[in-house]
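The values are calculated or read from the model by the stated rules, or taken from the named source; none is laboratory data. Not measured: the values here are computed from a predicted model. As a convention, Cβ positions derive from the backbone with ideal geometry for all residues, glycine included, and neighbour counts pool all protein chains shown. We work out accessible area using only protein heavy atoms, side chains counted, and drop any ligands, DNA or RNA first. Shrake-Rupley method; radii C 1.70, N 1.55, O 1.52, S 1.80 Å.
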Amino acid sequence: MSARRKFICGNWKMNGTASEAASLIAGIVGNWKDAYRNVELAVCPPFTALLEVHALVSGRGVQIALGAQNCYHETKGAFTGEISARMLVEANCTYVILGHSERRTIFEEDDVTINKKVRAALSVSLKPILCVGETLDERELNQTYEVLLRQLKEGLRDVSASDMKHITIAYEPVWAIGTGRTATPEIAQNAHSFIRMEIAKLYDDSIANAIIIQYGGSMKPDNAKELLAQPDIDGGLIGGAALDAKQFLAIADAALN
Ligand code: PEP
């Protein structure tokens, strides 16, 4: 039995005006129960809703961390439209999702860019959730492990062993994101076990055993339990189902068992 605490994180993507975000977080806070203290729960709203969501979580006796969905690697300056890691810390973020496949494909972020962001986040104690995952083509060409290894190695370049305790890895097979097509528990477990083994090679066994590796890709209340029961699946990065308070908490329930 693993000593790792399960970590369920909602990625709201570009969904939620401040008022929509307020009603979603109110649904989560309103149905929160003490048992959730045994898991790590976080939500990542759009930037513009961070303060609103924080205000509705704080002082309510609930334990729900806040994260952002991206940041820029520079600290300040003439970078129109960007947001720095320190600004996110000021907006009460504990986590930042980096290297999401939508950032990699739609916004053409490569491993070098993502690595700069990972290091920028760590430099201000913002905890990166580093997403890795293969496309359908890469899986069909038997390149899954090669892609995962490259994304891990490059994404974690120059990240020290002591900073690894602040890193979460999210394995997100691109073909499973938002498609309703979930990786089978076996496919996901194999990828997670590979990632853990490679972290052990890059760092050491104790870092590999401690690191949280989330699964992401159409995780829903009806498949969460089986996925989360796999020995190397330590949580979920949830897209669609995180936009519904009941579904999000049902996944948190699955993580409790
Ligand atoms: C995601 O985008 O991180 C994700 C896992 O989305 P979904 O759950 O909708 O597949």
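The Cα center of the stretch 138-195 and the Cα center of the stretch 81-134 differ in position by 16 Å.
If the cut-off is a Cα-Cα distance under 20 Å, which lysines reach LYS153, setting aside same-chain residues fewer than 8 apart in sequence? Leaving aside lysines fewer than 8 places away in the same chain, those within reach of LYS153 are LYS116, LYS117, LYS127, LYS165, LYS201. Here the Gaussian network model covers the chain, with springs between Cα atoms less than 10 Å apart; of VAL174, VAL57, VAL112, VAL112 fluctuates the most.
Accessible-area rank, largest first, for ASP205, ASP253, ASP111: ASP205, ASP253, ASP111, with all protein chains present and a 1.4 angstrom probe. The fraction of accessible area contributed by carbon and sulfur in the chain is 50 percent, rounded to a whole number (1.4 Å probe; ligands and nucleic acids excluded).
Note that the chain presents 45 Å² accessible area per residue, ligands and nucleic acids not counted, probe 1.4 Å.
When you work out D = kT/(6 pi eta Rh) for the stretch 7-256 at 37 °C and 0.692 mPa s, using the Kirkwood radius from C-alpha pairs as Rh and the Stokes-Einstein form, the result is 182 µm²/s.
What pairs in LYS13/LYS220; LYS6/LYS246; LYS13/LYS225; LYS6/LYS225 have C-alpha atoms more than 22 Å from each other?
Going by Cα-Cα distance, LYS13/LYS225 fall outside the 22 Å limit.
The packing ranking of peptides 63-72, 224-233, 29-38, highest mean first, is 63-72, 224-233, 29-38, where packing means the average number of other beta carbon atoms within 10 angstrom of each residue. Peptides 178-190, 122-134 ordered by packing proxy, namely the average of other Cβ atoms within 10 Å per residue, highest first: 122-134, 178-190. Relative contact order of the stretch 116-257: 22 percent, from C-alpha pairs under 8 Å at least 6 residues apart in sequence. Under the criterion of Cα pairs below 8 Å and six or more residues apart, the relative contact order for the chain equals 22 percent.
Between the amide H of VAL96 and those of ALA68, LYS127, ILE129, distances stay under 5 Å, these residues lying 5 or more places away or on another chain, with hydrogens modeled in the peptide plane. Entry note, the chain: the mean residue ellipticity at 222 nm calculated from DSSP H runs of n ≥ 4, each adding -39500 (n - 2.57), is -12000 deg cm²/dmol after division by the residues and rounding to the nearest 500. Structure remark: mean-square fluctuation, Gaussian network model of the chain, C-alpha springs under 10 Å; the largest value among MET14, MET87, MET197 belongs to MET14.
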